[in-house]
Amino acid sequence: MTTRTCTLFALFACTTFAFAGDDGFRPLFNGKNLDGWKTEGNWKVEKDGVIGLQPRDGEKGWTRYGSYLWTDKMYDDYVLDLEYKHVKGGNSGVFVRTGELKNPVDTGIEVQILDSHGNKGKLTHHDCGGVIRTIGPSKNMARPAGEWNRMIVTCKGHNLKVSLNGEQIVDISLDKTPMKDRPLTGYIGIQDHGEPFWVRNIRIKNAK
């Protein structure tokens, strides 16, 4: 094998590893720019491979705006793995299998992100990790505002699972819920709720 051939082989091997690790995951965010995503502009790539949402002048928290961060492709059965953090009182959401980007609330499935750390009492679909209009998390696993959280969402057929910070908190068959008519394929998105929010290490793999 020539030196040139070895070099090309090494480059190919590195590229393959970068896009599909030994665990089957590949990155949805390249850490440099928003290639593979679409947004109207308030999501910016920051240092250390972080995407940050900085509200525009006049926007305020707890108001739903239209500048979500969306993948430019649709996905069906998959495992989505990401990390996020928010400010005190933060509110956002991870949307999966969204059919119509102009109407994500009625055509997608939202896994809630909320500053629920320390909340006592019965958990509802509005608490962090719950599935909006569907089910609350089985346990409050939300970390304090300003800390990174890791969320894993698994979509396989009608089954939806959510893990937050190492604990599975949702395992449900959507065909037996108000989400039964939602599409089984669609876009992945992060909600714009008019306040600072950060996400990193966004990865995906096929659900087995």
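The values are calculated or read from the model by the stated rules, or taken from the named source; none is laboratory data. Predicted model only: the values in this text are computed from it and were never measured. Reconstructed Cβ throughout: ideal geometry from the backbone, glycine too, with neighbour counts over all protein chains shown.
Brief remarks on what is shown
- Restricted to the stretch 107-142, and to residues there that are at pLDDT 95 or above, surrounded by fewer than 17 Cβ atoms within 10 Å (Cβ to Cβ) and not polar (S, T, N, Q), the residue that is nearest to K73 (Cα to Cα) is R133.
- Residue tally, condition modelled with pLDDT of 95 or more and in contact with a Ser or Thr (Cβ under 8 Å, 6 or more places away or on another chain), over the stretch 50-94: 10
- Looking only at the stretch 43-60, and only at residues there that are within 21 Å of L82 (Cβ to Cβ), more than 17 Å from the chain's Cα centre (by Cα) and not acidic (D, E), the one that is surrounded by the fewest Cβ atoms within 10 Å (Cβ to Cβ): K47
- Inside the stretch 174-199, residues that are touching a Lys or Arg at 6+ places or on another chain (Cβ under 9 Å) and not in a loop (DSSP other than H, G, I, E, B) make up a count of 7.
- Only one of the numbered conditions (1) surrounded by fewer than 21 Cβ atoms within 10 Å (Cβ to Cβ); (2) more than 15 Å from Y84 (Cβ to Cβ); (3) in contact with a Phe, Trp or Tyr (Cβ under 9 Å, 6 or more places away or on another chain) is not met by W148, and that is (2).
- D127, sole failed condition from (1) acidic (D, E); (2) part of a loop (DSSP other than H, G, I, E, B); (3) in contact with a helix residue (DSSP H, G or I) (Cβ under 8 Å, 6 or more places away or on another chain): (3)
Quick grid of which residues meet (1) at pLDDT 95 or above; (2) crowded, with 21+ Cβ neighbours inside 10 Å:
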{"site": "K156", "(1), (2)": "yes, no"}
{"site": "G166", "(1), (2)": "yes, no"}
{"site": "I172", "(1), (2)": "yes, no"}
{"site": "P178", "(1), (2)": "no, no"}
{"site": "G186", "(1), (2)": "yes, yes"}
{"site": "H193", "(1), (2)": "no, yes"}
{"site": "N201", "(1), (2)": "yes, no"}
{"site": "I204", "(1), (2)": "yes, no"}
